[in-house]
1. Rounded to the nearest 10 Å², what accessible area does B:LYS83 have for a 1.4 Å probe in the complete protein model?
2. Loop-only GluC sites (Glu not before Pro) in the stretch A:96-188, please: DSSP not H, G, I, E or B, and at most 13 other Cβ atoms within 10 Å.
3. Please give the average number of partner chain Cβ atoms lying within 10 Å of the Cβ of each residue in B:256-263, rounded to a whole number.
4. Mind giving me the nanometre distance, one decimal, between the label points for B:HIS89 and A:GLN235, set 7 Å out from Cα along Cα→Cβ?
5. Compactness ratio of chain B: Cα Rg over 2.2 N^0.38 Å, N = residue count?
6. Out of residues 5 or more away from B:ILE112 or on other chains, whose amide H comes under 5 Å of its own, with H placed 1.01 Å from N in the peptide plane?
7. Over the heavy atoms of A:LEU97, what accessible area does a 1.4 Å probe trace out, to the nearest 10 Å²?
8. Which value, in Å to one decimal place, does the Kirkwood hydrodynamic radius take for the protein assembly as shown when every pair of different Cα atoms is included?
Amino acid sequence: MISWRREEEGCLVVHQLSPSTAKQPDLRFASAHPASRFPKYLQPSQSPPSMIPYALLLLSDSALPLGSFAFSSSLESYAAHHRTLTPNRTDIITTFLHLSLHSTSTSILPFLYAAYRAPARAADLDDELDASTPCAVARRASTSQGRALLAVFEKSLYHLSAGVEGAREWVRTYKTGGGGGGGGGGGHFGVAWGLVCRALGVSEEDAAEVFVVNHCKAVLSAGVRLGLLGPYQAQAVLAMPETRREIEMALERGRALSVDEVGQSVPALDLYQGRHELLYSRVFNS
Amino acid sequence: MTAGQGHIRARLLPPARLSLPQLTFQYPLKLISSSVPSSKCLTVFILSYGGGLVSNDQVDLKVVVEDAAKLCLLTQGSTKIFKRKAFEHLTTQSMAVHLQSNAVLALLPDPIQPFKDSVYKQHQVFHLPADDTASLVVLDWVSEGRSARGEHWDLTSFVSRNEFFIPKGEGESERLMLRDSMILTQDAEGLRSRMDGFTVFATLMIHGPRFAGLSEALLQKFKDEPRIGGRNFDNRRDFKNDTTKKGGVIWTATSMRGFVLVKLSGKELEEVKIFLRELLKSGEDEGDVVREFGEGALLCLQ
């Protein structure tokens with residue numbers, strides 16, 4: 001059985017977004033070829049229609065049910081601390097996006113790469129990432145999305161991992177916290193993402209890039225809902241060459257660090273993230 | 001012994017005499033014991049010649065706090081990190097602390113002050129005993145440099161890493177319980193732009209039974225902080241203004257994996273000092289730190 005360690009850090013535990021993972025993975029369709037359930041004319045053609053791996057298209061979808069919409073990666077708290085200081089609201093979000101990408105690249109990305117490269121060690125890496133995230137709000141946001149991703153993998157994407165040898169074993173080992181570590185498989189987002197991408201046969205570069213782009217999308221989407229910028233502006237920020245360049249730099253920084261070397265490169269963000277709990281009214285969980 | 005190395009061993013001689021059976025050091029490191037028999041704990045000052053580390057200074061300190069011994073490590077003034085003189089130079093400070101059962105440690109130094117164009121790496125590792133009965137309070141903080149000379153985070157690179165390990169079991173490797181690290185690197189867009197106007201960042205890491213009261217008091221204090229953007233309808237006072245009244249010190253406290261972690265930052269070093277002092281004295285009777293180590297342990301906050 002799978003039991004997630006509950007985090008009782010003296011704070012409210014947000015659970016409504018973590019789907020129940022108490023059930024065993026649904027293996028009904030795993031044995032036969034999934035396509036056999038569809039009528040003949042719906043079965044996939046032999047020639048690949050596109051160069052983009054199908055799993056990647058699914059993972060880059062903002063509608064992927066991870067509950068990411070509930071988290072602002074501390075944008076909400078940052079904006080609350082800066083509202084009176086910065087008159088231009090769009091400036092708040094572009095500055096924040098830059099800070100957030102920088103911070104993610106040195107604190108989370110190295111773990112994503114490591115989990116991708118050593119999927120059998122994912123549970124140990126997860127425990128190490130847990131120890132290296134000294135902010136309760138960030139930890140909750142991370143595990144909530146990571147666990148949701150594992151649930152999506154098991155409930156919806158499982159058959160896509162059929163061609164990857166060892167994939168299901170890695171995920172099982174990870175969830176039971178095995179691998180010799182003392183960890184209980186906390187399900188942190190960065191580690192879960194690296195592992196699931198590997199299990200779905202997505203390349204390492206694609207896995208990391210989609211993770212970072214998704215992060216930008218989530219921050220901008222939170223910005224739209226906080227009224228900091230409009231939906232067209234958000235899309236424009238996402239499409240800016242500067243944003244593209246920052247994403248590339250983030251990937252570069254993340255690749256260059258080993259998991260021993262991770263750290264916070266924007267110390268102010270830890271403070272804002274931690275102080276999210278002090279906001280009088282909140283739209284987001286982080 | 002090579003340059004910059006040092007060893008400290010703190011011991012409790014029954015029934016209640018504290019002693020330092022080992023206290024050795026090599027230039028550029030200097031260790032001075034200021035312990036008197038009547039004091040509550042052993043106090044050792046970690047010093048460097050000229051109050052700082054010059055390019056290529058490498059300090060490597062090993063500390064053992066034996067069963068039920070009590071050690072307080074302090075500095076006298078901020079540790080200045082001078083400009084790197086040659087590209088291949090490394091300026092580092094590493095400390096490995098082994099705590100035995102019921103040992104108590106306070107590491108309350110003054111802040112690190114990295115000057116313009118300095119490169120510095122600090123790595124502190126704390127090995128807790130298998131029975132997890134040791135207690136410690138560790139402060140790690142960094143300031144923006146020589147503010148008076150117009151330096152604001154003009155350092156080239158600064159890395160500070162604190163790691164806490166506990167044995168997993170017989171013959172196994174240790175488990176990482178907490179890692180708090182900061183990586184500040186100068187790059188094209190400038191480090192200053194990422195520091196959000198703050199001039200100092202401090203982290204307080206607390207663990208163990210002797211500091212349970214302090215931990216609890218800090219978490220409660222954070223819980224009682226006024227809400228941001230809220231309004232107190234009793235006196236119509238806007239809480240938004242409270243942060244400015246406190247002088248722009250912002251802080252957060254959290255409990256994780258058996259530790260209490262406090263982070264604070266501010267625009268003025270003095271304000272952060274005053275607030276840190278207030279935090280460390282939280283709890284009954286001036287708090288656990290003063291009870292265990294005496295007022296002298298808070299020297300860096302005077």
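1. 120 Å²
2. Details: sites: A:GLU128, A:GLU154, A:GLU165, A:GLU169; in loops: A:GLU165.
Hits after loop and neighbour filter: A:GLU165.
3. Working: counts 10, 8, 0, 2, 1, 5, 1, 10.
Other-chain Cβ atoms within 10 Å of each residue's Cβ, averaged: 5.
4. Modelled inter-label distance: 5.4 nm.
5. Numbers: Rg = 19.8 Å, N = 302, 2.2 N^0.38 = 19.3 Å.
Taking the Cα Rg and dividing by 2.2 N^0.38 Å, one obtains 1.03.
6. Close amide H contacts, sequence-distant or interchain: B:THR79, B:TRP141, B:VAL142, B:SER143.
7. 10 Å²
8. Values: mean 1/r = 0.0394 Å⁻¹.
The answer is 25.4 Å.
The values are calculated or read from the model by the stated rules, or taken from the named source; none is laboratory data. Please read all numbers here as calculations on a predicted model, not as lab measurements. Ideal geometry is used to build each Cβ from the backbone, glycine not excepted, and the neighbour counts take in all protein chains shown. Only protein heavy atoms, including side chains, enter the accessible area calculation; ligands, DNA and RNA are left aside. Shrake-Rupley method; radii C 1.70, N 1.55, O 1.52, S 1.80 Å.
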